[in-house]
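The values are calculated or read from the model by the stated rules, or taken from the named source; none is laboratory data. Model, not experiment: these values are computed from the prediction. Cβ sites come from the backbone with ideal geometry, for glycine too, and all protein chains shown count toward neighbours.
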Amino acid sequence: MRIYQVATLLLALTTMVLGLVMLVIGLSRGATGGIVLGTLFAIAGGGRLYVLRGKR
């Protein structure tokens, strides 16, 4: 069970960081798609971290 939690944590952090990078690149280039997708990825990663925190 511990391996699952660590893997979920790493995937959530990776998703959130990827979303933030997409958001920054989208803002710098003015790409609407990057802004929207980056925001959604960051929210998804943060939401997964929030849910994982409740299971401890």
### Message
Cβ-Cβ under 7 Å, sequence separation 6+ or interchain: first residue in segment 1-12 and under 7 Å from LEU52 (Cβ atoms), partner at pLDDT 90 or above and not polar (S, T, N, Q). Which pairs?
### Response
THR8/ARG48; ALA12/GLY45; ALA12/ARG48; ALA12/LEU49
### Query
Within segment 25-52, which residues are under 15 Å from the mean Cα position of the chain (by Cα) and without any contact (Cβ under 8 Å) to a residue 12 or more places away in the chain?
VAL36, GLY47, TYR50, VAL51
### Task
Could you please let me know if ILE35 is surrounded by fewer than 15 Cβ atoms within 10 Å (Cβ to Cβ) and part of a helix (DSSP H, G or I)?
no
### Query
In segment 14-56, how many are among the β-branched types (Val, Ile, Thr), in contact with a Gly (Cβ under 9 Å, 6 or more places away or on another chain) and closer than 18 Å to TYR4 by Cβ?
2
